[in-house]
2 protein chains.
Amino acid sequence: MTEDGMTARIIDGKAYAAGLRGRIGDHVARLQKDHGLTPGLAVVLVGNDPASEVYVRNKGIATKEVGMNSFEFKLPADTSEEDLLAKVRELNADPSVHGILVQFPVPDQISQQKVIDTISPDKDVDGLHPVNAGRLASGLDGLVSCTPLGCLMLIKDVMADIAGKNAVVIGRSNLVGKPVAQLLLKENCTVTIAHSRTADLAKVAASADILVAAVGRAKMVKGDWVKPGAIVIDVGMNRIPAPEKGEGKTRLVGDVDFEAAKEVAGAITPVPGGVGPMTIACLLHNTLIAACRQAGIAAPEGL
Amino acid sequence: MTEDGMTARIIDGKAYAAGLRGRIGDHVARLQKDHGLTPGLAVVLVGNDPASEVYVRNKGIATKEVGMNSFEFKLPADTSEEDLLAKVRELNADPSVHGILVQFPVPDQISQQKVIDTISPDKDVDGLHPVNAGRLASGLDGLVSCTPLGCLMLIKDVMADIAGKNAVVIGRSNLVGKPVAQLLLKENCTVTIAHSRTADLAKVAASADILVAAVGRAKMVKGDWVKPGAIVIDVGMNRIPAPEKGEGKTRLVGDVDFEAAKEVAGAITPVPGGVGPMTIACLLHNTLIAACRQAGIAAPEGL
């Protein structure tokens, strides 16, 4: 229960993402009108993993919906590393392509790190290149990976000024935990990065005004780990058995015990429908920013 | 007073740095014998700031003492940015130069960031290039700036395994605070980054098993901010008036109230004589590592 005796505000990531895509679409229309510029996103898929095919299709649809150009490249599963890197270099050099995303995982014969290192940092809309990690760590303008950016947007939608707040990030992956910590630090939070080796995780979590869970363990964060009134952002996407839905069925849960935590938190993201829908919207956000920078046009801020 | 009723162990950075330089010297001798390779460090000084001239001279002496080649370049104060960048590019291309350090600050007509961005990340022994910040943030092998590396070495000399310890870093500069936090995270500490906007800094500091102060404010960290038995690393170098030494005299103090903190801490670095002497030794360490990597020879670990 929160301090005022209410259960938490449920943060609607789906609605926020829809609004963000709308604002991006408006901006794209203005770019076309004022500068004749249409941002372009290239997505490369190697092989035919069904889940990856769905992701890539959804990204393509969302890209076109905001008025951007979508370029899709499907390469066979036995594509050599050199051929994929050559495709990436071709896209680096293509002025109509402002963002490049290679759908991971790639087949075993290809080094994921080499692919990341080959994408031009300025077109790296996934924010994975070490140069972008370094720009973020150094407080320079770069491209920030989509899920961390989505987390920050949802937090700031609940509380615009988070300076001085205690933020605790559970998980230290390059993809989520570490960049979320950097973003919160930039917003002047006091930031603690906790993880599997943390001595008293429950106690550390309970000190957080802002708690971000990004560990990938179903319902690990219990209700009594949450400080009353805290903002809880659940990045987890864990499939667990759901016999109540029928034999062999599963359902998606986060890293937070949502039912218990929502009685304590001030605001909390559900799973699904919280952070998840933000990812594609932030990808489009990054493509827009990248296109503006490459064209030497002031990039929109605070979209 | 520590738990066993003793005052803190005073961490002797000067002695540790001397030992490290000795181990580096041994390794350099072996590299020359086994591979005919002599690591080379190029130091570029623009202008004639007296303090910078002393630093550069000391670096040159220490470089030669461990058997490395020292290349010094003194450019006039009115050197153009383009001329300095051309010099850096020349050193990037020179196979006898494995490490490049441009002494900062540079005169106003030169952008410090452009200089940093121009140094080859593989020769960036100061660890300032965004690629090195990114490699550190991403857990990849890079070059880590010297002061943070020195802090970590002193901490690990007191306690070899710091996994699970609560580490608090006060200060979030790109040069010290942030990289120290990354290094401690890599060692599996639970890491909190605190700063001027932190709500209750005394309380946050007092939760630390390992406390690193890097804010640049004389004696800011009081004795009662220190947890009994904690390891305290003081990166501060602040000049304060010292009328007791005569009119107009000054003395060097850290960010920690040393006299009070040493009664509480388990181990503490003094100022001067703590972190300071580590910087040049770590610069030589980085030059050795860079030379090995550039030559494709296994770099020594845990020097």
Sort out the exposed loop GluC sites (Glu not before Pro) in chain A (DSSP loop, at most 16 other Cβ within 10 Å) and tell me the longest stretch that has none.
A:4-246
Beyond 22 Å between alpha-carbons counts as too far, so tell me which of A:Lys123/A:Lys156; A:Lys222/A:Lys262; A:Lys64/A:Lys123 fall in that bin.
A:Lys123/A:Lys156
Run down the lysines and flag those whose C-alpha is under 23 Å from the C-alpha of A:Lys249, throwing out any fewer than 8 positions away in its chain.
A:Lys219
Report relative contact order for chain A in percent, whole number only (criteria: Cα-Cα under 8 Å, sequence separation at least 6).
22 percent
On full extension of the chain, what length is gained from B:Ala77 through B:Ala202, given 0.36 nm per residue of separation minus the C-alpha to C-alpha distance?
40.6 nm
For A:Ser196, what is the net charge nearby, where nearby means another residue's Cβ is under 10 Å from its Cβ and Lys, Arg count +1, Asp, Glu -1?
+3
Taking every alpha carbon pair in chain A and sorting the distances into 20 angstrom bins from 0 up to the bin holding the longest one, the percent per bin comes out as 32, 57, 11
What pairs in B:Lys203/B:Lys245; A:Lys14/B:Lys203; B:Lys14/B:Lys87; A:Lys186/B:Lys114 have C-alpha atoms more than 30 Å from each other?
B:Lys203/B:Lys245; A:Lys14/B:Lys203; B:Lys14/B:Lys87
Averaged over B:194-206, how many beta carbons belonging to a partner chain fall within 10 Å of each residue's beta carbon?
3
Between the Cα axis of helix A:50-65 and the main Cα principal axis of chain A, the angle (0 to 90°, nearest 10) is 80 degrees
Specify, for chain A, the residue whose C-beta is closest to the rotation axis mapping it onto chain B, with the distance given in whole Å.
A:Gly134, 1
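Would you calculate, for chain A, the mean residue ellipticity at 222 nm contributed by helices, counting each DSSP H stretch of 4 or more residues as -39,500 (n - 2.57) and dividing by all residues, to the nearest 500?
-12000 deg cm²/dmol
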Show me the ranking of peptides A:113-120, B:122-129 by mean Cβ neighbours inside 10 Å, starting with the highest.
B:122-129, A:113-120
Which FRET efficiency value, to the nearest 0.05, is calculated for B:Arg30 and B:Ser52 with the Förster distance at 35 angstrom and r the Cβ-Cβ distance?
0.60
No Cys partner within the rule (Cβ under 4.7 Å), the protein assembly as shown
A:Cys151, A:Cys189, A:Cys292, B:Cys151, B:Cys189, B:Cys292
Fewest-first ordering of B:Cys292, B:Cys282 by Cβ atoms within 10 Å yields B:Cys292, B:Cys282
To the nearest 0.05, how large is the calculated FRET efficiency for B:Ser111 and A:Asp141 if R₀ is 25 Å and r is the Cβ-Cβ distance?
0.95
What is the Å³ per residue value for the convex hull set by the Cα atoms of the protein assembly as shown?
189 Å³
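Every number in this text was worked out from the coordinates using simple rules, so none of it is lab data. Everything numeric in this text was worked out from a predicted model, so none of it was measured. Every residue, glycine among them, receives a Cβ derived from its backbone with ideal geometry; neighbour counts consider all protein chains shown.
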